[in-house]
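Where a number appears in this text, it was derived from the coordinates with a stated rule and is not lab data. Here the structure is a predicted model, which means the values were calculated and not measured. Here the Cβ positions follow ideal geometry from the backbone for every residue, glycine too, while neighbour counts run over all protein chains shown.
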Amino acid sequence: MSDVRNLLACKSCKMLFDSEALKEQKLPLSECPQCRGQLTKDWQGYLAVVDFEKSEIAKTMGISKNGKYALKVR
């Protein structure tokens, strides 16, 4: 797993992305690969969703895909 200091959060979908992995894939560090929202380093809280269909937290947050998410994004 990557260092949390390298993670960027999407302001729209709150999904977390490793900035080093984005660089390796030659993807922009400013745009979310999932929803094209703006990425930021200003986030708090970490949530790993393994089964979004059974997760009450995922339902509450509107998450419809397994992955890593920030709880609060500024």
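Side notes on the structure shown:
- Relative exposure of 60, 40, judged by other C-beta atoms within 10 Å (fewest first): 60, 40
- Charge dipole of the chain about the Cα centre (unit charges at C-beta), most positive-ward option of 8, 25, 67: 8
- Helix content alone sets the calculated 222 nm mean residue ellipticity of the chain: runs of n ≥ 4 DSSP H residues at -39500 (n - 2.57) each, divided across all residues, give -3500 deg cm²/dmol.
- Table column - 3J(HN,Hα) (Hz), segment 35-43, Karplus curve with 6.51, -1.76, 1.60, x for Gly and Pro: 10, 6, x, 7, 8, 8, 8, 8, 9
- Cβ charges +1 (Lys, Arg) and -1 (Asp, Glu), total dipole of segment 4-73, debye: 160 debye
- log₁₀ of I(q)/I(0) at q = 0.15, 0.22, 0.23 Å⁻¹ - segment 4-73, Debye sum with one point per alpha carbon: -0.44, -0.90, -0.97
- For the chain, relative contact order (Cα pairs under 8 Å, six or more residues apart, normalised by length) works out to 34 percent.
- Near the amide H of residue 52, within less than 5 Å, lie the amide hydrogens of 66, all on another chain or at least 5 residues away, with H placed in the peptide plane.
- Cross-link reach is defined here as a Cα-Cα straight distance under 17 Å, omitting same-chain residues fewer than 8 places apart; for residue 26 the aspartates and glutamates meeting it are 18.
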